[in-house]
Each structure stands twice: as structure tokens, then as C-alpha cells.
Amino acid sequence: AGSGLCGRAGRALDDVRVELGGLLRLRDESHERLQQVADLLQRADATLAEARRARGEVLAKIAATEVPVVSGPPTVLQEQLATAAEYRRHAQWHRLSPLLESLEQKAEDELLRARESLTAVTAPLAVRAELRGRLDAYKAKVARHGLAEDPFLIERYDAARRMLWSAPCDLRVAEQAVLRYQHAAAEVLGSPRVPGQGGPEDRRGES
């Protein structure tokens with residue numbers, strides 16, 4: 001029985017040592033960890049601000065598209081960060097520990113959400129850029145074959161280019177214009193079929 005009590009007492013002492021060690025590490029690292037959380041939230045706020053600016057640009061440049069609304073930063077995280085800093089100032093390590101761990105995860109999640117929001121908002125601009133690249137890639141291919149002055153191809157190219165470089169740009173209509181130019185170029189170059197999407201070089205022969 002005595003050995004059992006000693007064993008339990010030893011384990012309890014070990015637990016105290018582990019807990020004390022954790023609190024000492026928290027005391028030493030908490031300032032830097034709180035700063036890292038603040039930096040993550042600042043980057044998330046900046047990314048959301050960029051997404052809001054981009055949304056205005058997309059609405060001005062792209063027609064006939066749904067652009068998602070960009071939400072603002074959650075104020076609750078800033079409030080929790082202030083609470084955590086208060087816990088640190090008053091050396092309330094037992095309260096700070098779970099709050100800081102939660103904040104670190106939430107701040108990472110918030111930055112990821114902000115980046116996803118920016119990607120979603122700017123997607124129409126990426127589509128327009130892809131269409132512009134596809135159009136010019138076919139124009140370059142036509143030129144390599146000495147057909148840059150073909151009147152039919154020039155007409156189709158100019159029509160597609162006007163749509164892609166006008167504002168607001170209707171992406172669906174512009175894509176059809178690019179496809180018409182691709183089909184025309186393929187006919188002149190002697191290729192029976194062109195892709196519906198993607199680059200002209202790597203998918204020839206698909207329907």
C-alpha cells in the first residue's frame with residue numbers, strides 16, 4: 001500500500017512539474033505567440049480589404065457574372081486577442097493557455113477564409129486573362145504559319161479582342177468569340193477540330 005501511495009505521489013509530482021513547465025514556457029513564449037496571432041489577423045484584414053477593392057474592379061470590368069460579397073473581419077477575434085493580452089499582463093496563465101491556443105487556430109482559419117474570398121472574387125478576371133492568352137496564342141500560331149494577313153482570321157480575331165478588352169466584358173460572349181477564332185484558325189491551318197476550352201497546343205484533336 002505504501003509503495004502505491006508513493007507511486008501516486010510521484011506521478012502527481014511529475015504532473016505538477018509538467019504543468020509548471022508548461023506555464024513557464026507560456027510565460028516566456030506568450031508575447032511572441034500573441035504577436036503572431038495579431039500578425040495573422042492583420043494579414044487577414046489586409047487580404048479582405050484587397051478582396052473588397054478587387055470586387056469593385058470586377059463589377060466595373062466584367063458583365064453578366066455573380067461576384068461574391070466580401071464580409072468584414074470578425075471583431076470577436078480582436079476582442080479575444082485583447083482579453084488574452086490582459087491575461088498575460090496579470091499573469092493569469094491558466095486562463096491564457098486555452099484562449100491563446102484557440103486564437104492561434106482561429107487566426108489561421110481567418111487568413112485562409114480571407115484568401116479564399118480574394119480568389120473567388122478575382123476568378124472572373126482570371127478567366128478573362130485565360131481567354132486573352134488563348135486568343136493571342138492562336139494568333140501567334142497563325143503568324144508562324146504565315147497567315148497573319150488572312151482577312152477572315154483578322155476579322156474573327158478583332159471581334160474577339162474587342163470583347164475581351166472592352167468594359168464591362170461579357171465572359172460568355174467573349175469565350176464564344178474566342179472559340180470562333182480558334183475554329184477559323186484551325187480550318188485555315190488544316191486542323192479539323194479544336195478544343196472547347198484550354199490551350200490550343202496541348203489539346204488539339206479533342207471535340
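The values are calculated or read from the model by the stated rules, or taken from the named source; none is laboratory data. Worth saying up front: this structure is predicted, and the values here are computed from it rather than measured. We place every Cβ from the backbone using ideal geometry, glycine too, and count neighbours over all the protein chains shown. Surface accessibility is based on the protein's heavy atoms, side chains included, excluding ligands, DNA and RNA. Shrake-Rupley method; radii C 1.70, N 1.55, O 1.52, S 1.80 Å.
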**Prompt:** Once amide H atoms are placed 1.01 Å from N in the peptide plane, what residues at a sequence separation of 5 or more from ASP170, or on another chain, have their amide H within under 5 Å of its amide H?
**Reply:** ALA63
**Segments 137-147, 93-103 sorted - mean Cβ within 10 Å per residue, highest first** = 93-103, 137-147
**Item:** Qualifying lysines (Cα of each under 16 Å from Cα of LYS106; at least 8 residues distant if same chain)
**Value:** none
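Using a 1.4 Å probe over the heavy atoms of the protein chains, calculate the carbon and sulfur portion of the accessible area of the range 57-141 as a whole percent. Walk me through the numbers before you get to the answer.
On the way: 2600 of 4630 Å².
Carbon and sulfur together cover 56 percent of it.
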**Asked** What is the gain in length, in nm to one decimal, between SER102 and GLU66 on full extension, counting 0.36 nm per residue of separation less the C-alpha to C-alpha distance?
**Response** 9.5 nm
**Message:** Give me the mean projected area, in nm² to one decimal, of the convex hull enclosing the Cα positions of the range 70-165.
**Reply:** 9.3
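Among 174-186, 48-60, how do they line up by average Cβ neighbours within 10 Å per residue, starting with the highest? Numbers along the way, then the final one.
Details: 174-186: 20.1, 48-60: 16.4.
In descending order of packing, they fall as 174-186, 48-60.
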